[in-house]
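Single-structure report; data block below.
Values quoted throughout were computed directly from the atomic coordinates according to the rules given, and no laboratory measurement underlies them. Predicted model only: the values in this text are computed from it and were never measured. As a convention, Cβ positions derive from the backbone with ideal geometry for all residues, glycine included, and neighbour counts pool all protein chains shown.
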Amino acid sequence: MKIAIVHEWLSAFGGSERLLAQLLRLFPHADVFALTYFPANFQNTELAQLRVQTTFMQKIPHIERHYRKLLPIMPFAIETLDVSEYDLVISLSHAVAHGVKTHKQQSHISYISTPMRYAWHMRDDYLKLHHLDKSIIRLAANGTLSLLRRWDTCASVRSDSLIANSAWTAGHIRKAWARDSQVIYPAVDVDRFTPAADRGNFYLLVCRLVPYKLAAEIVKTFNILKLPLVIVGDGPDLQKIQRLAEANVRVMGYQPDAVVTELMNHAKAFVYMATEDFGIAMVEAQAAGCPVIAYGIGGASEIVLDGETGLLFQEQTSHSLIEAVLQFQNMKLNSEAASINAARFSSERFRNEFSAHLDSVTKASTRRVPSQGRQTE
């Protein structure tokens, strides 16, 4: 089969890019398409020599700095990609990739990290991040997001089969698109970790520093607790985090995988406060034998075994996090249990499950139109 893999924006080697790397291990001859691609950001990664066919967005001046602000034109851009000559199209979508146009002679499988969160359940965070949350501007932005939701719903029927990255995401897919999906957890490179026999005394947070991750709230919490906290990550909230951090909080900014691995191998616990669709960093921490203290909604509830491999707190507040950390301080959790739990999210398991899903789709029919009324164009 001729295979096309459609991504959204290839801007950094994060979770969805690691997923792309796993699929390219399964399908090394597949061609890759994306809205934009910034190869300088992929040096020393599996995607360093990747050839990518991009859209007109790639030619927009200073696109690397501004692509996130261009969400309203992304549906049009994704529809300009020509994948008509391929037998199988795999889209990796958390925004618009699932909307790539296919025809009746093709199979289209979409791996969904979330329906477009900016237009659905995280609209307010998107408006705040891009300073669109004031008076008249907010009204105009809300109107645009309403149009995006309409497009997103229409585009959702272009896939023959939907895969969700978690049961939490499957619920959002059902609510937004009225479609069922199969849950296949993302691949996590759990083998790169070696839990330290003697763990350090610091807590760890690794994430992109954007508002919905609530890193600022975690910093404020640890300022109160006076416990050592290390933060790894980059993003628009970096300077804000640096200003908030007191002497017990170390903000390291972006760090390569080798540094993150070493920190996770030695950290006392990994702390997380965001509502995630899945949460690869929480799996990585457990693979390193590092217990996870996390808000117990979303992917965390599927990753962390409460009271065994970490602690889940039930309110997204500093008070609730403080109580969880103080409770953790009086507990003795088994690092080996955390590592064993993380193994169920391995890369090998992902590739096996994805291959089995592909086989079931192709064996059922060389061309199966779903009852939801798949559009062909």
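Gain on full extension, evaluated as 0.36 nm per residue between GLN255 and ALA167 minus their Cα-Cα distance, stands at 28.6 nm. Over the chain, Cα pairs under 8 Å with separation of 6+ residues give a relative contact order of 14 percent.
Panel order for MET264, MET252, by other beta carbons found within 10 Å of each beta carbon, from fewest to most: MET252, MET264.
Estimate the FRET efficiency between LYS240 and GLU85 by the formula 1/(1 + (r/R0)^6), using the beta-carbon distance for r and 45 Å for R0, to the nearest 0.05.
Working: r = 47 Å, r/R0 = 1.05.
Using R0 = 45 Å, I get an efficiency of 0.45.
When the Cα gyration tensor is reduced to axis lengths a ≥ b ≥ c, the ratio a/c is 1.5 or higher for the stretch 298-368, and with a/b not above b/c it is classed as oblate.
This model, with +1 at the C-beta of Lys and Arg and -1 at the C-beta of Asp and Glu, gives the chain a dipole about its Cα centre of some 920 debye. Stretching ASN248 away from LYS332 to a fully extended chain increases their span by 27.9 nm, per 0.36 nm per residue minus the current alpha-carbon distance. Each residue of the stretch 242-250 was assigned a 3J(HN,Hα) from its phi angle through the Karplus expression (A = 6.51, B = -1.76, C = 1.60, θ = phi - 60°), giving 4, 5, 6, 5, 8, 4, 7, 10, 10 Hz with x at Gly and Pro. Between the C-alpha center of the stretch 253-275 and that of the stretch 325-367 there is a gap of 19 Å.
In this simple spin-label model, placing a label point 7 Å from the Cα along the Cα-to-Cβ direction at both HIS357 and GLN316 gives a separation of 2.5 nm. Based on the Kirkwood approach, the hydrodynamic radius assigned to the chain is 21.6 Å, with every pair of different Cα atoms included.
Each label was represented as a point 7 Å from its Cα along the Cα-to-Cβ direction; for ASP180 and ALA48 these points are 4.5 nm apart.
Once the piece of chain linking LYS2 and THR194 is laid out straight, how much longer is it, given 0.36 nm per residue of separation minus the C-alpha distance between them?
Details: separation 192, 0.36 × 192 = 69.12 nm, distance 3.88 nm.
Difference between extended and current length: 65.2 nm.
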